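The values are calculated or read from the model by the stated rules, or taken from the named source; none is laboratory data. Predicted model only: the values in this text are computed from it and were never measured. Reconstructed Cβ throughout: ideal geometry from the backbone, glycine too, with neighbour counts over all protein chains shown. For accessibility, only protein heavy atoms count, side chains too; no ligands or nucleic acids. Shrake-Rupley method; radii C 1.70, N 1.55, O 1.52, S 1.80 Å.
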Amino acid sequence: MSISLISRSSDPHQRQIPSFTARFDSNTRGQPMFYATIPDRCPYLGDRDMVSMFADPHQPMDAATYGRLIRLGFRRSGEHVYRHQCRNCTACVPMRVNTNDFAADRKQRRVHRINKDLSVQVRDAVYDPRHFKLYEAYVNHRHQGGGMDNPSSESYWAFIHSTWCKTLLVEFSLGDQLLCVAVIDELPGALSAVYTFFDPEAERRSLGTYAILWQIAYAKKQQRPHLYLGYWNQETHKMAYKADFMPAHGLYDGIWKPLRDGRKL
């Protein structure tokens, strides 16, 4: 094991990149090296510290490797692959939906009916100024003062895009009006929901929920048994809503176990 220090990224969207990190060299040829961050204040639970582990961004990454890492609880933010590794806290639980078993509840069926007038287009990940304009409006409304507001087009694209993963941009539109964009990674046997942003003035449509419902159906149609939803945390409303998508599994102590009503079985 070797220890080295690197400086923080100036991009506020890359919150996983810490002020300094300890580097742990892998002893297995071809496996990524990982960095562990020094403790920093948790953006979800402000009375606790967050520690993250992330793969060395200077080493090659591909969809197959990321597919293995996401099964171990890792996530992608731009080119960076990370996992929360907090001391004395396991509130953030990696979560995935079982697409073959999922059945929408009454509230979700209502959301589907409300949005059946929308058209959907699946596009490859290419920068589109219309997407950035929608993203800018969304984060300035939802994340004001939280480090993601006032984004540049460069920081937006660095957050959304990676050079080594097949990423799709799913557009939800009402006529010529773009209302929502869902960012999805295609992985072996799974899809990963990277981020969704929508028109703040269309909040009554529950477009975040609708985008997840659409992704579950899309994954099932492609015979992909899992849709990864990132971290679920029942202690913060920002992530607690994910428990509405059942049946799902959470990663506990390295084992995927069923989630039910916000509890592990």
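Condition check: modelled with pLDDT of 95 or more, open to solvent by less than 50 Å² (accessible area, probe 1.4 Å), among the small types (G, A, S) and part of a helix (DSSP H, G or I). Does A211 satisfy that? Even if it seems obvious, please write down each step before you answer.
On the way: modelled with pLDDT of 95 or more: yes; open to solvent by less than 50 Å² (accessible area, probe 1.4 Å): yes; among the small types (G, A, S): yes; part of a helix (DSSP H, G or I): yes.
Here the answer is yes, as A211 does meet what is asked.
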If you check D47, D101, which single one turns out to be among the acidic types (D, E), in a loop (DSSP other than H, G, I, E, B) and in contact (Cβ under 8 Å) with a residue 24 or more places away in the chain? D101
Residue pairs meeting the criteria (Cβ under 7 Å; at least 6 apart or on separate chains; first farther than 15 Å from C86 by Cβ, in region 222-238; second surrounded by fewer than 19 Cβ atoms within 10 Å (Cβ to Cβ) and among the aromatic types (F, W, Y)): K238/Y44
Complete set of residues in region 234-249 that are in a helix (DSSP H, G or I) and small (G, A, S): A240, A243
Run down F102, F132, F172 and say which single residue is over 21 Å from M239 (Cα atoms), touching a helix residue (DSSP H, G or I) at 6+ places or on another chain (Cβ under 9 Å) and either at pLDDT below 95 or open to solvent by 20 Å² or more (accessible area, probe 1.4 Å) (or both). F132
Got at least one residue in region 214-233 being in contact with a Cys (Cβ under 6 Å, 6 or more places away or on another chain), surrounded by 13 or more Cβ atoms within 10 Å (Cβ to Cβ) and in a strand (DSSP E or B)? yes
Pairing a residue in region 191-202 that is under 26 Å from Q223 (Cα atoms) and assigned to a strand (DSSP E or B) with any residue that is open to solvent by less than 30 Å² (accessible area, probe 1.4 Å) and aromatic (F, W, Y), where Cβ atoms lie under 6 Å and the two sit 6 or more apart in sequence or on different chains, gives S192/Y228; F197/Y135; F197/Y138
Residues satisfying the stated conditions in region 105-129, i.e. open to solvent by 30 Å² or more (accessible area, probe 1.4 Å) and within 21 Å of the chain's Cα centre (by Cα): V120, Q121, V122, R123, D124, V126, Y127
So which residues in region 237-254 are within 18 Å of S77 (Cβ to Cβ) and exposed (fewer than 15 other Cβ atoms within 10 Å of the Cβ), if there are any at all? K238
